[in-house]
Amino acid sequence: MSNPARIDVDLYSDTVSQPTSDMRRFMCEAPVGDEQKFEDPTVNQLCEMVAELLGKEAAVFMPSGTMCNEIALRVHARHGEEVIAHRSAHPINSEAGGPAALAGVNVRAIDGPRGQFDVAAVEAAIRPRTRHAPRTRLLWVEQTSNHGGGSIWPLARIEAVTAVARRHGLATHMDGARLMNAVVASGISAREYSAFFDSVWIDFTKGLGAPVGAALAGSREFIDEAWRCKQQMGGAMRQAGIIAAGGVYALRHNVKRLAEDHANARRLAEGLAGLPGVRLDPATIETNIVFFELSGELTAPVAVERLLARGVRMGASGPRLIRAVTHLDVDAAAIERALLAAREVFKS
Ligand SMILES: *Cc1c(COP(=O)(O)O)cnc(C)c1O
């Protein structure tokens, strides 16, 4: 490995943020107990907060969002059954084959602009009831859509696609890794979005800025089954309150401020959009994720390397595609420094 460049502005992902000293102190002092026995007061508190926030009967604390997704798949679907999800969805691309390995499900990938699909796409993907076809069991929505550029599913579209699902007897799941970004940007509550889904989870380690954990919510019965899977997969913990406290702190202090990340993402997009060889429409930036395409000779891996040499980290998501994500360790001044570097890298 070569010597890594000093990173001044890290836009690689909203997962890179460091827990603040106030959050760390809160975590240090959190009362703890045996989570598996429901004796950890901080884990219990976090689960109550999340169930209340999402308007569900119960919630379970998990080590990661990936485990929320994989366990939701297992609870909703049996081996050989099928899940409908957008082609860019996290479990299809970033969970190491978990849907096949852990849940034994088929995933029917469907398309649509900006990580979203419409009623017609869902209707076309639902299988006929024959002996030959896999049985369609679950509809999957990612709010916001990561590879859709942090796009927000409009409530009306959620209502429409989940209505089709229910009419066909399918369960519904929302991957809400960045649900709170959608809530802050749209002014629509987490409860309103969640009401259309049987299960939903939020991540504490993305924009919310905690070091570990996510929480999955649903009916009491659903969460009892999710707990069984969590135990089986080795996700049941002990004095987990010490990490759950990061989630409690994040829900109290780090939700409203997501608006700053959105303003910073918009400012970044506006600055990048004017540069030679950069293809980007700033009007498409709704939350904290900025994708842009390169139309000149420069490829994404080379551009990302040159940015890094100037202290700015972004991610190459394809040969000509770059992703930058804002979060609580990047302020408005840091965005200006990132743009300064970008002006040097992307010049005609
Ligand atoms: C990050 C992410 C996940 C996985 O969450 P982890 O906590 O990193 O396991 C799932 N879905 C989406 C959309 C994500 O962005």
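For segment 183-192, 3J(HN,Hα) computed residue by residue from phi via the Karplus equation (6.51, -1.76, 1.60; θ = phi - 60°) reads 4, 5, 6, 9, x, 8, 6, 4, 4, 4 Hz, glycine and proline entered as x.
Cα gyration tensor of the chain, axes a ≥ b ≥ c as square roots of the eigenvalues: rounded (a/c below 1.5), prolate (a/b > b/c) or oblate? Here the chain falls in the oblate category. Name the longest site-free stretch of the chain, where the excluded sites are GluC sites (Glu not before Pro) in a DSSP loop with no more than 15 other beta-carbon atoms within 10 Å. Answer - 58-296. Considering only trypsin sites (Lys or Arg not before Pro) in DSSP loops that have at most 12 other Cβ atoms within 10 Å, the longest stretch of the chain without any of them is 132-255.
As a calculated quantity, the FRET efficiency between LEU321 and SER219 at R0 = 41 Å, using C-beta atoms, amounts to about 0.55. Residues in segment 31-253 average 39 Å² of solvent-accessible surface per residue, probe 1.4 Å, ligands and nucleic acids excluded.
Taking the longest Cα principal axis of the chain as reference, the axis of helix 332-345 is set at about 60 degrees.
State whether segment 278-348 is rounded, prolate or oblate according to the following rule on the C-alpha gyration tensor (a ≥ b ≥ c being the square roots of its eigenvalues): a/c under 1.5 gives rounded; otherwise a/b larger than b/c gives prolate, and the remaining case gives oblate. The shape class here is oblate. Taking every DSSP beta bridge that has both ends in the chain, the antiparallel portion is near 50%. Give me the angle, in degrees from 0 to 90, between the Cα long axis of helix 41-54 and the longest principal axis of the Cα atoms of the chain, rounded to the nearest 10. The two axes meet at around 80 degrees.
In order along segment 62-67, the phi-based Karplus estimate (6.51 cos²θ - 1.76 cosθ + 1.60, θ = phi - 60°) of 3J(HN,Hα) comes to 10, x, 7, x, 4, 5 Hz; Gly and Pro are listed as x.
Here segment 92-225 exposes an accessible surface that is 49 percent carbon and sulfur, computed with a 1.4 Å probe and the other protein chains kept in place.
The values are calculated or read from the model by the stated rules, or taken from the named source; none is laboratory data. Given the structure is predicted, the values throughout are model-derived calculations rather than measurements. With ideal geometry, Cβ positions are generated from the backbone for all residues, glycine too; neighbour counts draw on all protein chains shown. All accessible areas refer to the heavy atoms of the entire protein, side chains included, with ligands and DNA or RNA removed. Shrake-Rupley method; radii C 1.70, N 1.55, O 1.52, S 1.80 Å.
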